[in-house]
Amino acid sequence: MSIHPDLLHLLMGIGAILVVASIAGYILQHRFSPDGSNSAIENLNERIRAWWVMAVLLAIAFIGGRTGVILLFGFCSFAALREFLTLTNARRADHWSLVAAFFIVLPYQYYLVWSDWYGMYSIFVPVYVFLLLPIVSALRGETDGYLVRIAEVQWALMICIFCASFVPALLNLDIPGFEGRNVMLIAFLIVVVQLSDVLQYVWGKLIGKRKIAPRLSPSKTVEGFVGGVLSATLIGASLWWMTPFTFLQAGLLAFIIAILGFFGGLVMSAIKRDRGVKDWGHVIAGHGGFIDRLDSVVFSAPIFFHLVRYFWSVDLPA
């Protein structure tokens, strides 16, 4: 199977960064935490090992093409939905609604993306599912907490399925002169959003003083936010060569998705605080759950998709 040179260069660059990070983590552990007593260094190395796993999975999906990417994000949606719904007030009366969410709504949404039916996958969840699933729960006759239960399930579907599905939907865009390279749009989105998260954390640790939302996310600071977003914007602009954008266009889009990613993380932190948990799960060592890694991506993906569709893509079939 042939790999586009731009994708190969990107994967090699990510691999090189992870190698450097792994060496730095090893040196830090050897010098300052040989017995594993330094929690910050141990957490850093856990995060690096987790990033290796995630990078390998993304690389396999990218190389696998359209089907590989859709299967990967379909699995991520399933895992994220499971994490979200474990923290809701769902009752026995909602059993069939939850079954439908996992085994009908989720696979059908990704089938719509795979079949490139934009007119349906862009409205399936927020219109048809939002109207039909409450009917299923209402038929069970359980009214206690009904509005809260339905709202929680609908919000879970919106975040974990609908928004997440717009990442592989980028493969459907028909951009003149960019044929066969749409996977680079996904790579651009993920790299910018994830580096923005990392750089906000780094800048916050280095010079952060003023908290943005101490009750929601105590680690987020004004200095970290500004430094991380501006750094991610510059990195995004420097990646213009792998996109259909110019240098300035890539920088503007990187700025937009970095901002959206930040507020996505803030919103999901508010939900965690409301539920009384620190992380959505413990599947990914050092990172928490799937939603903890997807929160920034899912808020930026639909906006990024539509901006690219409206300004760079030719009209898609309905």
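The values are calculated or read from the model by the stated rules, or taken from the named source; none is laboratory data. Being a predicted model, the structure only gives us computed values, none of them experimental. Cβ sites come from the backbone with ideal geometry, for glycine too, and all protein chains shown count toward neighbours. Remember, those area values only see protein heavy atoms, side chains included, never the ligands or the DNA or RNA. Shrake-Rupley method; radii C 1.70, N 1.55, O 1.52, S 1.80 Å.
Brief remarks on what is shown
- Inter-centroid distance (Cα atoms) of the stretch 69-134 relative to the stretch 179-201, Å: 24 Å
- Structure remark: mean-square fluctuation, Gaussian network model of the chain, C-alpha springs under 10 Å; the largest value among Leu294, Leu266, Leu132 belongs to Leu132.
- The residue among Leu58, Val20, Gly177 whose Cα reaches farthest toward the positive pole of the charge dipole of the chain, with charges on the beta-carbon of Lys, Arg, Asp and Glu, is Val20.
- Probe 1.4 Å, protein heavy atoms only - accessible area per residue of the chain in square angstrom: 49 Å²
- J(HN,Hα) series, the stretch 127-136, from Karplus relation 6.51 cos²θ - 1.76 cosθ + 1.60, nearest Hz, glycine and proline x: 10, 5, 5, 4, 8, 7, 4, x, 5, 4
- Dividing the mean sequence gap of close Cα pairs (under 8 Å, 6+ apart) by how many residues the stretch 56-138 holds gives a relative contact order of 30 percent.
- Tensor-based shape of the stretch 54-130 (alpha-carbon gyration tensor, a/c under 1.5 rounded, otherwise prolate or oblate): oblate
- Placed amide H near Thr221: partners under 5 Å, 5+ positions off or other chain: Ile212
- In a fully extended conformation the segment linking Thr246 and Tyr201 would gain 13.4 nm over its present Cα-Cα distance, using 0.36 nm per residue.
- Using a Förster distance of 22 Å, the FRET efficiency for Met120-Asn89 (Cβ separation, nearest 0.05): 0.15
- Those trypsin sites (Lys or Arg not before Pro) in the stretch 65-154 that DSSP places in a loop and that have at most 16 other beta carbons within 10 Å: Arg91, Arg140
- Among residues other than Leu72 with Cβ under 13 Å from its Cβ, the summed charge is +2 (Lys and Arg +1, Asp and Glu -1).
- FRET efficiency estimate (nearest 0.05) - Cβ-Cβ, Asp174 to Leu139, R0 51 angstrom: 0.75
- The ratio of the alpha-carbon radius of gyration of the chain to the globular-protein estimate 2.2 N^0.38 Å is 1.03.
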